[in-house]
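Taking it in order: structure first as structure tokens, then the write-up.
The values are calculated or read from the model by the stated rules, or taken from the named source; none is laboratory data. This structure is a prediction, so every number in the text was calculated from the model and none was measured. Every residue, glycine as well, gets a Cβ built from its backbone with ideal geometry; the counts of neighbours run over all protein chains shown.
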Amino acid sequence: MRVEQLYKKNTHSWMVMGRDPDRREEVIDTNQYLIQSNGRGLLLDPGGVENFSVVAAEFSKHFDLANVEAIFASHQDPDVISSLSFWIQANPKLLVYVPKIWVSFITHFGVSLENMRPIPDEGGVITVGGRDLEVVPAHYLHSPGNLSIYDPEAKIFFSGDIGAALLPEDHTDLFVTDFAEHANCMEYFHRRWMPSNTAKARWIAEVRRRDVEMLCPQHGAIFKGDDVGRFLSWFENLDVGSGWSNVR
Ligand SMILES: [Fe+2]
Ligand SMILES: [Fe+2]
């Protein structure tokens, strides 16, 4: 398991941790992101029950987890947020930002409504350490209630499952290095799990409206520089969901 710093400027930084070589084979690999701002922390898609202890241990080598004040969940999936009750046991005051339509489902992970901060369908702003982060709608990509995060200072866009790649075990690069090869590891996932071409086009337009230097998915390598635009064009031209699937 490795923690890498993606961005740092003064008291503002982004760290990622993923590619856990010790995880059980049947558990999908996930990237966890920690934004630090003026000594306060926000965790993005903190992961499953399975990897809570290693995520907490590894991030705590770099940041005092007592200062993590909030968690953001892009959607409801177990690989995104099933660790939630452990994080709340560690800090009962933790705020949990989730898409509004998933609130009553996510309570099944053992969290009370007092911790929940529902985000409406249109998105909004999350403030951490005095710094505003934009919450951008990503509905139906893949979940019916799905959100992305954009940090306008760092120019980092957290895309959740969008841009996810299922990479071979020996592929440990943090960033995409060969886009064509990488696309082979993304294609099936996007076609099968992203249900709507219309939703896809809306989200792509939202990303293009912003200045993005890194696009960070919850699985696989990160897109940086020109690979951000390459990914958006590739996704734009990919027929997904019921437009493609032969599943009946
Ligand atoms: Fe998911
Ligand atoms: Fe996922």
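Descriptive notes on the structure:
- Output for region 207-233, where each listed residue is over 19 Å from residue 185 (Cβ atoms) and surrounded by 21 or more Cβ atoms within 10 Å (Cβ to Cβ): 207, 212
- Checking residue 208 against (1) away from ligand 1 (no atom under 13 Å from the Cβ); (2) of a type outside the set (A, V, I, L, M); (3) within 22 Å of residue 34 (Cα to Cα), the condition it does not meet: (3)
- If only residues of region 154-206 that are under 15 Å from the mean Cα position of the chain (by Cα) and β-branched (Val, Ile, Thr) are counted, the one that is surrounded by the fewest Cβ atoms within 10 Å (Cβ to Cβ) is 156.
- Yes/no for residue 18 being in contact with a Leu (Cβ under 9 Å, 6 or more places away or on another chain), within 16 Å of ligand 1 (Cβ to nearest atom) and at pLDDT below 95: yes
- Residue within region 54-63 that is β-branched (Val, Ile, Thr) and within 21 Å of residue 5 (Cα to Cα) present: yes
- Condition check for residue 132: more than 15 Å from ligand 1 (Cβ to nearest atom), of a type outside the set (A, V, I, L, M, F, W, C) and under 26 Å from residue 88 (Cβ atoms): yes
- Filtered by the rule that a residue be hydroxyl-bearing (Ser, Thr, Tyr) and over 24 Å from residue 5 (Cα atoms), region 64-101 gives 82, 85.
- Extreme residue, surrounded by the fewest Cβ atoms within 10 Å (Cβ to Cβ), among residues of region 21-39 that are outside any loop (DSSP other than H, G, I, E, B) and either of a type in the set (Lys, Arg) or within 16 Å of ligand 1 (Cβ to nearest atom) (or both): 33
- Looking across 165, 70, one residue alone is in contact (Cβ under 8 Å) with a residue 40 or more places away in the chain, more than 12 Å from ligand 1 (Cβ to nearest atom) and not in a strand (DSSP E or B). It is 165.
- In region 206-227, the residues that are touching a residue at least 40 places away in the same chain (Cβ under 8 Å) and not in a strand (DSSP E or B): 206, 207, 210, 211, 212, 213, 218, 219, 220, 221, 227
- When region 73-121 is filtered for residues that are over 19 Å from residue 51 (Cβ atoms), among the hydrophobic types (A, V, I, L, M, F, W, C) and either within 14 Å of ligand 1 (Cβ to nearest atom) or touching a residue at least 24 places away in the same chain (Cβ under 8 Å) (or both), the ones remaining, listed by number, are 95, 98, 101, 102, 105, 119.
- Within the option set 143, 159, being part of a loop (DSSP other than H, G, I, E, B), among the polar types (S, T, N, Q), out of contact with any Gly (no Cβ under 6 Å at 6 or more places or on another chain) and in contact (Cβ under 8 Å) with a residue 24 or more places away in the chain holds for one residue only, 143.
- Annotation: of all residues in region 40-58 being assigned to a helix (DSSP H, G or I) and crowded, with 22+ Cβ neighbours inside 10 Å, the one that is nearest to ligand 2 (Cβ to nearest atom) is 51.
- Any chance residue 7 is surrounded by fewer than 19 Cβ atoms within 10 Å (Cβ to Cβ), modelled with pLDDT of 95 or more and not charged (D, E, K, R): yes
- When residues of region 73-84 are limited to those that are within 14 Å of ligand 2 (Cβ to nearest atom) and part of a helix (DSSP H, G or I), the one surrounded by the fewest Cβ atoms within 10 Å (Cβ to Cβ): 78
- Long-range neighbours under 8 Å by Cβ, at least six apart or interchain, first residue at pLDDT below 95 within region 35-49, second outside any loop (DSSP other than H, G, I, E, B) and more than 15 Å from ligand 1 (Cβ to nearest atom): 49/86
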